[in-house]
Amino acid sequence: MSTFKLPSRLVLEPAPGRTTNERFSCTDDRLPDSACRILDPDSGRIHGFAVVDNTRRGPGLGGIRLARDLTLGEVKRLARVMTLKNSGANLPYGGGKSGLIADPSFLDQNPELKSDLISMLAEAMFELASYVPAPDMGTDERDLQIIHEVYSRRGAGSQGFRGATGRPAEDGGIPIDGWGLTAHGLLAALETLEKIDDRFKIKNSRVVVQGYGNVGSFTAIKLQQAGALIVGASDIHAGLWNPQGLNVDELNRVRHSPQGLQNYTGEIQKKFTGKNLDWLMEAPCEFLVPAARPDSITSRNADRIQCKVILQGANTPSNKMTEYYLNNRRGILSLNDFIVNVGGVIGCAVEMKMASDPEYRDKVRKTGTRTYLEDLIYSTVSRNVEEIFRRLKDSPEDTLFREQALGLAEERLDSKQKESWL
Ligand code: NAD
């Protein structure tokens, strides 16, 4: 039974600054532009967080996450990743992220409650003028449409960029998840890698997908179409493994059902549930695709992961230290989130530009919106992956993909000329 109680209303309040615990933190010196708590002013209860990390390239664009155990730390990390994604992809946006501490499955089963909660969130977030909300885990295009309507009622249209993105196609949005845009970028990353280094081949490779949701399922479909075998897949309910290959059609059939992949009827050799769910990630494969929550690959399991490449569909599934160990002790390459999973945010940026620039809208529609987007995502990811490998060639042997990727994104963040690839 969920103990969720709808707040009477929601407001933003600045989150406390660095605490004593963080005072000597040396992992990152850039502080976010603003970090807020989202709370019910009547009860004082904290319901979530909103962070604008950086606005040097433009307003902070990033998704709204619903998770039972969401923390300010998670939202801050994700907002930083959005800054790097948007600058890496040369988009005219900075980084932001927000979220509510709530059980997404419970809210999906109670749509009226969810809609009231999202409206309250929109009222609160309207005050954060430098943040552009988009969908993330637990929210979808309908939620963004609710936010867009609240913003419009409050006069956002007259304030330049203000609005919400990732809205339904019938309301002028782009179906980011329906078109599998993020997965398209992940495919581009692997196809580019294949061209650069002939040790990596998609055809006949084995793939494990952790988090068979919007990103995970489309990645499985696209990689299967490119000749790979999907040998492992998991959602919050179950992890399935069959070295002969899982039936992707059947995975897609059950993924939206209550209990999700638990309902899979195809052949399997192993099933992991409960506290053993993450064991699936240790299955032998060439390509491991984390596509769920942060920190699924850490020192906890870095010794036992058995893939050649980690393709980061999820945001922050790993960290620099773990990647250093994986790369330099285990020969496992990590292709980082802020370079490879940018398909969704590119879709959001195109949607925003189409809404405000009729000439651009005509240009996109002339090409066909989906074709335009897939081409843009593919070329952005492959250009960046190629450039990072070019830089890696000239760097010391133990340099990580992450380090060169960070250099590239930060150069674009700091550069005076803000090039745009839209
Ligand atoms: P989603 O909610 O559609 O899917 C997430 C899936 O992960 C669900 O199937 C859920 O059951 C599963 N899951 C949750 N916890 C798990 C666990 N511990 N083990 C295994 N499975 C688990 O979300 P999504 O939109 O596919 O996003 C997934 C990840 O990709 C997130 O990190 C998100 O930030 C990132 N991402 C998404 C997009 C996008 O376009 N949707 C773009 C960039 C990055």
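Backbone geometry of the stretch 166-173 corresponds, through the Karplus equation with coefficients 6.51, -1.76 and 1.60 at θ = phi - 60°, to 3J(HN,Hα) couplings of x, 8, x, 4, 5, 9, x, x Hz, x marking Gly and Pro. What the Kirkwood sum gives for the chain is a hydrodynamic radius of 21.8 Å, with every pair of different alpha carbons counted.
Each Lys and Arg contributes +1 and each Asp and Glu -1, all at the Cβ; summed about the Cα centre of the stretch 280-348, the dipole is approximately 140 debye. Taking the average, over residues, of other Cβ atoms within 10 Å as the packing measure, peptides 177-185, 278-286 rank 177-185, 278-286 from highest down. With K and R counted +1 and D and E -1, the other residues having a Cβ less than 14 Å from that of Leu251 yield a net charge of 0. Among beta bridges identified by DSSP and lying wholly in the stretch 11-171, the antiparallel ones come to about 60 percent. Both radii are taken from the alpha-carbon atoms of the stretch 173-236; with Rh as the Kirkwood radius, Rg/Rh is 1.00. When only the Cβ of Lys, Arg, Asp and Glu is charged (+1, +1, -1, -1), the dipole of the stretch 181-340 relative to its Cα centre reaches about 220 debye. Can you check what the net charge comes to around Leu392, using other residues whose Cβ is under 14 Å from the Cβ of Leu392 (Lys, Arg +1; Asp, Glu -1)? Net charge around Leu392: -4. Out of the DSSP beta bridges found with both residues in the chain, what percent are antiparallel (nearest 5)? Rounded to the nearest five, the antiparallel share is 45 percent.
Taking a straight Cα-Cα cut-off under 27 Å and skipping sequence neighbours fewer than 8 places away in the same chain, the lysines within cross-link reach of Lys270 are Lys201, Lys203, Lys222, Lys308. What you get for the chain, charging only the Cβ of Lys and Arg (+1) and of Asp and Glu (-1), is a dipole of about 380 debye around the Cα centre.
Across Arg390, Arg206, Arg330, mean-square fluctuation computed from a Gaussian network of the chain (C-alpha pairs under 10 Å connected) peaks at Arg390.
Averaged over residues, the count of other Cβ atoms within 10 Å places the peptides 130-143, 75-88, 351-364 in the sequence 75-88, 130-143, 351-364, highest first. Its alpha carbons considered, the stretch 227-329 gives a radius of gyration followed by a Dmax of 13.7, 42 Å. Centre-to-centre separation between the Cα atoms of the stretch 346-408 and those of the stretch 259-332: 26 Å.
Highest mean packing first, where packing is the average number of other Cβ atoms within 10 Å per residue, the peptides 250-256, 216-222, 401-407, 59-65 line up as 59-65, 216-222, 401-407, 250-256.
FYI, it's all coordinate maths here, none of it is from the lab. No experiment lies behind these values; they were computed from the predicted model shown. Positions of Cβ are backbone-derived with ideal geometry, glycine not excepted, and every protein chain shown enters the neighbour counts.
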